[in-house]
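Reading through the structure tokens given below for one structure.
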Amino acid sequence: MKTTMSFVLLMLSATSLRSQIAEPAAALTIYTRFATPPSPPSVGYMKSELDAIMFPFHLRIEWVSLEQADGREAAARVMVVSFKGTCHVDSRPAVGPASGRLGWTQVAEGEILPFSDVDCNEIRSLMTARLAMSLPEARERLLGCAMARVLAHELYHYLTGTTKHASSGIAKAFYTGAELASGRLRFDEAQLRCARGF
Ligand SMILES: [Zn+2]
């Protein structure tokens with residue numbers, strides 16, 4: 001995923017999205033590892049926003065810190081997510097050249113592996129102006145929801161087993177700062193059909 005100034009307006013129907021997925025709730029355990037201690041409120045917003053984005057899948061998402069994992073969190077599906085940079089709104093923006101990559105997922109011999117990275121420095125860099133203009137509570141929500149949207153994009157690759165991107169929705173290859181800050185990034189119906197076998 002890279003950043004660009006493109007803009008796509010999404011119009012989704014929650015009712016029609018729900019109708020695409022008729023399977024009972026499945027469990028997905030997400031193991032997390034943070035390079036530096038994250039902002040707890042932002043992490044809370046991230047979890048809530050990811051639940052909202054993944055709602056059409058009827059997924060039951062369990063979060064487990066890799067540092068606290070004891071091997072007893074057996075689940076049918078697991079994903080390991082490493083958060084790079086600083087996932088904290090009160091830290092100074094990262095300096096140095098931006099990679100332009102908000103997140104990525106490992107691929108081996110054409111197969112999508114359940115190992116993803118989310119770069120909080122890139123996210124904060126893309127949202128620098130919005131974060132600076134916002135009150136503390138709003139900053140926490142902005143960062144947390146943006147982290148969820150980037151993570152949902154990587155989940156899209158995992159769920160569909162594809163490296164391809166779409167022109168709209170959560171599967172877009174490029175997000176703007178405005179999109180990251182908005183609630184419009186969701187799976188569209190075509191992407192849901194691709195992931196229906198999950
Ligand atoms: Zn991607």
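Given R₀ = 22 Å, what would the calculated FRET efficiency be for ASP70 paired with ARG33, taking r from the Cβ atoms and rounding to 0.05? It would help to have the intermediate numbers written out before the result.
On the way: r = 15 Å, r/R0 = 0.69.
The pair ASP70/ARG33 has a calculated efficiency of 0.90.
Among 127-133, 186-192, what's the highest-first ranking by average C-beta atoms within 10 angstrom per residue?
The packing order, highest mean first, is 186-192, 127-133.
For the residue pair ALA108 and ALA178, what label-to-label distance in nm results when each label sits 7 Å from Cα along the Cα-to-beta-carbon direction?
Spacing of the two 7 Å Cα→Cβ label points: 4.2 nm.
No lab work stands behind these numbers, since they all come straight from the coordinates. Everything numeric in this text was worked out from a predicted model, so none of it was measured. Glycine gets a Cβ as well: all are built from the backbone with ideal geometry, and neighbour counts include every protein chain shown.
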